[in-house]
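The values are calculated or read from the model by the stated rules, or taken from the named source; none is laboratory data. What you are looking at is a predicted structure, and each value in this text was computed from that prediction instead of being measured. Here the Cβ positions follow ideal geometry from the backbone for every residue, glycine too, while neighbour counts run over all protein chains shown.
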Amino acid sequence: MVFDMEKQIDFEKIGRSDRVRRIILKTVVCAGLTFWALVVLFPFYWMVLTSVKSYSAYNSEYIPKLFTLSPTLQNYREAFTAVPLAGYFINTVIFAVVTVALMLVVTVLAAFAFARLNFPGKHLAFTLFLSLMMIPNELVVITNYVTITNLGLRNTFTGLILPSVTSVFYIYLLKENFEQVPDQLYYAAKVDGTSDLKYLRKVLVPVCKPTIVTITILKAVECWNSYVWPRLVTDDEAYFLVSNGIQEIRENGFGRENIPAMMAAVVVISVPLIVLFVLFRGAIMAGVSRGGTKG
């Protein structure tokens, strides 16, 4: 009886020590994550803070301050009046919407073909297709630039959009997701006389919706942040996007020294992406985890 009580006391001590270790570990992890979150979010805070400081107040700060007692929205007014920022927004929305729509059509059809259809040389074709990911982007940009220039499509939305309507990685991601759907569903649909396109529209697309939403959002972000290609094929301000419009703002808008006005323009440009991520963060994480899991 004495030994049983001693064992019980030992188990209680072990249990208490384990709980204490778990609490300490959880506290350390939470503190580390909080610190890292502050490090990551600080540049965004500094950007917003600078954007609400007046030009004179910003230049008078020999030691940068982490707050301001006299915020102003004058920089945001200048962002829309000194340069055609609204026009850059409209161009970017047109570019992003059309590019994403065409990319979805190409990606869904190509992923379905590689995942479900049987045709001679499918595996070889897919291997060669994946090998395109090994080609440096700089070489692709040069080839696309020469092609678009020879076709006379510079300073057009067509020239901006065409090179961006396909993505090897997105096709691969969606193909892997399609292959997770049991083959029995496809065979049963074929027995019932369902066409491939109807099966794709009624079964695969609804089942794989998280991955498709993820691809859509990632492509929209990619289009919004696109800089090199729009900078190459457009020198007409009427076709500038927000990304390469930033350089125009810096050179011919506020000037290189008006940092608060520049930060205001950057805030305005960044807000749509932040809102998009906040609204669809669950779908993004679900789509990436689903697309990366086999079986």
request  = From (1) touching a Ser or Thr at 6+ places or on another chain (Cβ under 8 Å); (2) more than 22 Å from Pro230 (Cα to Cα); (3) surrounded by fewer than 19 Cβ atoms within 10 Å (Cβ to Cβ), pick out the condition that doesn't hold for Asn59.
outcome  = (1)
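Looking only at residues in region 37-63 that are small (Gly, Ala, Ser) and part of a helix (DSSP H, G or I), which one is nearest to Val268 (Cα to Cα)?
Start the filter on region 37-63 by keeping residues that are small (Gly, Ala, Ser), which leaves 37, 51, 54, 56-57, 60.
Of the ones still in play, those that are also part of a helix (DSSP H, G or I) are 37, 51, 56-57.
Working: Ala37: 22, Ser51: 10, Ser56: 21, Ala57: 21 Å.
Across region 37-63, the extreme among qualifying residues is Ser51.
State whether one or more residues within region 172-187 are in the same structural domain as Ala220 (by TED's automatic domain parsing), part of a helix (DSSP H, G or I), surrounded by 16 or more Cβ atoms within 10 Å (Cβ to Cβ) and modelled with pLDDT under 85.
We begin by selecting, within region 172-187, every residue in the same structural domain as Ala220 (by TED's automatic domain parsing); these are 172-187.
Within this subset, residues satisfying the condition of being part of a helix (DSSP H, G or I) are 172-179, 183-187.
If we keep only those that are surrounded by 16 or more Cβ atoms within 10 Å (Cβ to Cβ) as well, we get 172-178, 186.
Keeping just the survivors that are modelled with pLDDT under 85 gives 186.
Within region 172-187, one or more residues are in the same structural domain as Ala220 (by TED's automatic domain parsing), part of a helix (DSSP H, G or I), surrounded by 16 or more Cβ atoms within 10 Å (Cβ to Cβ) and modelled with pLDDT under 85.
Which of the residues spanning region 147-158 are assigned to a helix (DSSP H, G or I) and either outside the structural domain of Arg116 (by TED's automatic domain parsing) or out of contact with any Phe, Trp or Tyr (no Cβ under 9 Å at 6 or more places or on another chain) (or both)? Talk me through it step by step, then tell me what you get.
Step one: filter region 147-158 for residues assigned to a helix (DSSP H, G or I), giving 147-150, 157-158.
Listed by number, the residues that qualify are Thr147, Ile148, Thr149, Asn150, Thr158.
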key: Which numbered condition Thr127 misses (of (1) assigned by TED's automatic domain parsing to the domain that holds Thr194; (2) of a type in the set (Val, Ile, Thr); (3) surrounded by 13 or more Cβ atoms within 10 Å (Cβ to Cβ))   = (3)
key: Those residues of region 130-156 which are in contact with a helix residue (DSSP H, G or I) (Cβ under 6 Å, 6 or more places away or on another chain) and either closer than 17 Å to Phe169 by Cβ or of a type in the set (S, T, N, Q) (or both), in sequence order   = Leu132, Met133, Asn144, Asn155
query = Got at least one residue in region 233-245 being aromatic (Phe, Trp, Tyr) and more than 15 Å from the chain's Cα centre (by Cα)?
reply = yes
ask   = Is there a residue in region 135-142 that is surrounded by 11 or more Cβ atoms within 10 Å (Cβ to Cβ), over 23 Å from the mean Cα position of the chain (by Cα) and assigned by TED's automatic domain parsing to the domain that holds Thr214?
value = yes
ask   = Within region 133-146, is even one residue more than 22 Å from Lys219 (Cβ to Cβ) and assigned to a helix (DSSP H, G or I)?
value = yes
key: Which listed residue is under 23 Å from Glu179 (Cα atoms) and either under 19 Å from the mean Cα position of the chain (by Cα) or assigned to a helix (DSSP H, G or I) (or both), from Phe129, Phe95, Phe119   = Phe129
